[in-house]
1. Do any residues in region 214-243 that are closer than 16 Å to V259 by Cα have Cβ atoms under 9 Å from those of residues that are of a type in the set (S, T, Y) and part of a helix (DSSP H, G or I), where the two are at least six apart or on different chains, and which pairs are they?
2. Give, as residue ranges, the strands (runs of 3 or more DSSP E) completely inside region 440-480 that count at least 2 residues that are of a type in the set (K, R).
3. Quick check on region 162-175. Is at least one of its residues within 24 Å of I66 (Cβ to Cβ) and part of a strand (DSSP E or B)?
4. Yes or no: I115 within 21 Å of I295 (Cα to Cα), modelled with pLDDT of 95 or more and crowded, with 18+ Cβ neighbours inside 10 Å?
5. Give region 304-350 a look and list any residue that's under 22 Å from the mean Cα position of the chain (by Cα), among the aliphatic types (A, V, I, L, M) and closer than 17 Å to E30 by Cα, or say none.
6. If you check K80, K103, which single one turns out to be out of contact with any Phe, Trp or Tyr (no Cβ under 9 Å at 6 or more places or on another chain) and not in a helix (DSSP H, G or I)?
7. Would you check which residues across region 365-388 are surrounded by 19 or more Cβ atoms within 10 Å (Cβ to Cβ) and within 22 Å of the chain's Cα centre (by Cα) and list them?
8. Could you check K273 against (1) in contact with a Ser or Thr (Cβ under 8 Å, 6 or more places away or on another chain); (2) over 16 Å from D193 (Cα atoms); (3) modelled with pLDDT of 95 or more and say which number it fails?
Amino acid sequence: MRGKAIISFVLFVIGISVAQTMAKEKPVPEYRMCWILTFEGDVINSPAAIKQAVDACREANLNAIIPVVRRRGRTYYKSKIEPFYNPHPEKPINFDSLAEFIKNAHDTKGGKQRIEVHGWFIVSPVWLEAKSPPPGHILGLHPNWMSLNFKYDWQEKIPQSWLDPGVPEVEDYIVSLCKELVSNYEIDGLNLDYIRYREGGFGYNPRALKRFQERFGRSDRPSPQDEQWNQWRREQVTNLVRRIFVETKKIRPALKLSVCAIPWGSPAQGFEKTRAYYDTAQDWIGWAKEGIIDINIPMIYRRESIPSHKKAYRDWTKLMVENRYQTRGVVGLGAYLNSIPDTIQQIKDARTIGADGFSIFRLVVNNKERAEWRNLLTALKKEVTPTPAPVPEIIPFNKRPYGILCGKIYRNNKPADSVKLTLVGKTNRRFSTMTSGAGYYAFVKVSPGKYTLMSESHGKLATSIKIKKGKITTQDIHLR
């Protein structure tokens, strides 16, 4: 009897040990993502190749992919607004690459893991070539929408044409593209890249400059160091992010909006001293605080082999983690700059710091030795992603405990720019915002209840506006 008791006790202890080990090995929710540039070289250029790429990501236990959907003013999906992107016009493309990614990533037959698809949408740069764009391109249709440098005589070997966020029609145009994409494709998320001004003193489109001057009663051309000017530029980018967030949530409440955030230099002196904030006009910490993004992906592309880069990588990751608010913070990895072991180490360090995952730039070019791209995926599975992991929870908007009020303000049947608005509740709860150049406004994260919408110049605009949790209320106003 005593022998049987000892055996039973040993088996009991072993059982506890195994259970504890299994619990420790159970993966926590995290994003395991990678950007994918379709039609890159001869790798991802057919439905069969897309399936192979998705299968390889699934085998490595990645749980999200970010295939490109818009680049250089052209789309990688069927659009009625912009022309289709074909890098090799002599070879007609007769398939829908985005549809193929979605079909294969969402396939769960046979117990396969579902992979999220986030559309990689490149916002501002629309033409980066010396030759003229093809017919129907936005640069040819609206050259007056492009951003200009402070000196106006910017010279470069290969001209770069970027849309200017300070031009009201640009806001309307980008939002229309995002709405079209979200309406027609079952993507899980929308990833906004280059959602910013071009670095080096840009933003001086004549229309944008006039708007700035009229708002602040100035007649000069502010220098790139002018704080009032830079704050105004940040507002233009934030207005665009906010409107995309609200308008896409109307269409698909569960859509996850992410941004590719700039982490240049060092954050040692504070975020407001970084080039992300004062040069490119990206206030991505402010976006997280306001709740107009769901996922923040700072592109912390640093070489692990260089001590200063190694420190900057960890400093920026820590800053992101500490300023997530209610968003998810995912580290963007410049894998193409590093060896495979160094990329593995950066993933481990990001986990230690507390990031909500990682995203690899990019699938096909993912190591500095330019070794076969599948090698990194094999290493990931061996070292850091041995088993599948769920994505972190992001509550769909229609299940959140607050609502949104949005709309357009018109004056003389034209969009009213820079109208200061206040939303006042019965218990004197107050929310403030200002209309964009397109006359658009949105109050985000508004507690349920009845409110009065007021403007600084016209007093009460609307009363008894009912805000419900998980709902987006639209209220357009025509000023008298």
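The values are calculated or read from the model by the stated rules, or taken from the named source; none is laboratory data. If you're wondering where the values come from, they're calculated on a predicted model, not measured in any experiment. Neighbour counts are summed over all protein chains in view; Cβ atoms, including those assigned to glycine, are modelled from backbone coordinates with ideal geometry.
1. Going by the 9 Å Cβ cut-off, the qualifying pairs are R234/Y277; R234/Y278.
2. Passing ranges, in order: 459-467.
3. Checking region 162-175: at least one residue is within 24 Å of I66 (Cβ to Cβ) and part of a strand (DSSP E or B).
4. Yes, satisfied.
5. Once the filter is applied, which keeps residues that are under 22 Å from the mean Cα position of the chain (by Cα), among the aliphatic types (A, V, I, L, M) and closer than 17 Å to E30 by Cα, region 304-350 yields M320, V321, V330, V331, L333, I347, A350.
6. K80 is the lone residue from the list that is out of contact with any Phe, Trp or Tyr (no Cβ under 9 Å at 6 or more places or on another chain) and not in a helix (DSSP H, G or I).
7. N366
8. Single failed check for K273: (1).
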